[in-house]
Amino acid sequence: MNKVEKVALVTGAGSGIGRAISLRLLQDGLIVILVGRRRAALEETAALGSSAERTFILPADISKVEEVDGLFEKVKQEYGRLDLLFNNAGIFTPATSIEDVSLESWQAAVDVNLTGAFLCTRAAFRLMKNQFPRGGRIINNGSISAHVPRPHSVTYTATKHAITGLTKATSLDGRKYDIACGQIDIGNASTDMTDKMERGILQANGSTAIEPTFETCHVADAVSYMASLPLHANVQFMTVMATNMPFIGRG
């Protein structure tokens, strides 16, 4: 591997924001490891990319510690280092008022959205700490829900609030090892998951309203910028959102 090439790993790379970020990082010249549970979806992302030689597909369930440890061991064996982790994989559980949320729904959200991000962060941190040159960057996909909830979203909101804590703790622990950690909070980027917003979505006052969205390419631009910084500079938190979405003043 050419020493100037940087290695990135993107979770949830088979669709939506993860796919858009993966394709942009390939355009930026990085080697990109695509991670997700469905190989077919990852192969679709790879087929859209600018370089098959710099694309590596590794299916894994990030909620399972043995799969995450195996995943990062493969990265170490194949490339010897990791320069960027984009923690993106996440799930939505059915929209339900808190008193009707099942333990199964709660646990499913925690397992993927929080534990999965933690497991990947821990494994990346260990690799970045000990590689040469030392250090790397971790970017977490926080979401607007890391700040304010939507109605009937306790599982997603709680896990995304926790991601903010993970970001801060990782940033602090990473200082002495040249590991930078930041978070991007995205509001209404246009993906399959936001189609319902264009049809109308429940608001805090009980009404239903159509919400504006914006193109995922702008999220890719933002992550590309965050990833391009030298390790002595960091975007700690960035919010990228549709200008007219009801975020400021939500609730």
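Computed from the coordinates by the stated procedures, all read-outs in this text should not be read as laboratory data. Given the structure is predicted, the values throughout are model-derived calculations rather than measurements. Methodologically, a virtual Cβ is constructed for each residue, glycine included, from the backbone with ideal geometry; neighbour enumeration extends over all protein chains shown.
Given only helices, namely DSSP H runs of n ≥ 4 each adding -39500 (n - 2.57), what is the per-residue ellipticity at 222 nm of the chain, to the nearest 500 deg cm²/dmol?
Rounded to the nearest 500, the figure is -11500 deg cm²/dmol.
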- [ ] Starting from the Cα of ALA95, step 7 Å toward the Cβ, then list every residue of the stretch 194-228 with an amide N under 19 Å from that point.
- [x] 194-214
Open item on the list: Could you derive backbone 3J(HN,Hα) for the stretch 40-52 from the dihedral phi with the Karplus parameters 6.51, -1.76 and 1.60 (θ = phi - 60°), listing whole Hz in sequence and x where the residue is Gly or Pro?
Closed with: 4, 5, 5, 5, 5, 4, 4, 5, 7, x, 8, 7, 5
Task: Near-label residues of the stretch 189-209 by backbone N, under 18 Å of a point 7 Å along Cα→Cβ of CYS217 - done: 189-192
- [ ] Please give the length that would be gained between GLN236 and LYS168 if that part of the chain were fully extended, namely 0.36 nm times their separation in residues minus their C-alpha to C-alpha distance (nm, one decimal).
- [x] 23.6 nm
Task: Cα convex hull of the stretch 7-241, projected area averaged across orientations, nm² - done: 12.2 nm²
Open item on the list: As I understand it, the dipole of the chain uses +1 on the Cβ of Lys and Arg and -1 on the Cβ of Asp and Glu, about the Cα centre. Which of GLY29, HIS161, GLY18 lies farthest toward its positive end?
Closed with: GLY29
Task: Karplus-derived 3J(HN,Hα), 6.51/-1.76/1.60, for each residue of the stretch 132-137, Hz, glycine and proline x - done: 9, x, 6, x, x, 10
Task: Ranked packing of 32-41, 102-111, most packed first, by mean Cβ within 10 Å - done: 32-41, 102-111
TODO: Give the long-range amide H neighbours of ILE91: residues separated by 5 or more places, or on another chain, with amide H under 5 Å away, using H modelled in the peptide plane at 1.01 Å from N.
DONE: ASN113
Task: Under 5 Å, built H, 5+ apart or other chain: amide partners of LEU9 - done: ILE33, LEU84, LEU85, PHE86
Task: Ascending count of other beta-carbon atoms within 10 Å, so fewest first, for PHE132, PHE92, PHE56 - done: PHE132, PHE92, PHE56
Open item on the list: Between helix 65-79 and the chain, what is the angle of the helix's C-alpha long axis to the longest principal axis, kept within 0 to 90° and rounded to the nearest 10?
Closed with: 40 degrees
TODO: Place a +1 charge on the Cβ of each Lys and Arg in the chain and a -1 charge on the Cβ of each Asp and Glu, then give the dipole magnitude about the Cα centre in debye, rounded to the nearest 20.
DONE: 760 debye
Task: Length gained when the stretch GLU5-GLN203 is fully extended (0.36 nm per residue, less Cα-Cα span) - done: 66.7 nm
- [ ] In a Gaussian network model over the chain where Cα atoms closer than 10 Å are linked, find which of ILE201, ILE186, ILE17 has the largest mean-square fluctuation.
- [x] ILE201
Task: Pairwise label distance in nanometres, ALA108 with LYS64, each label 7 Å out on the Cα-Cβ vector - done: 1.7 nm
Open item on the list: Report the rotationally averaged projected area of the stretch 138-251 based on its alpha-carbon convex hull, in square nanometres.
Closed with: 7.3 nm²
- [ ] Given a cut-off of 23 Å, name the pairs among LYS74/LYS129; LYS76/LYS176; LYS76/LYS168; LYS160/LYS196; LYS74/LYS176 whose C-alpha atoms lie farther apart than that in the structure shown.
- [x] LYS76/LYS168; LYS74/LYS176
TODO: Treat the count of other C-beta atoms within 10 Å as a stand-in for reagent exposure and order VAL65, VAL154 from fewest to most.
DONE: VAL65, VAL154
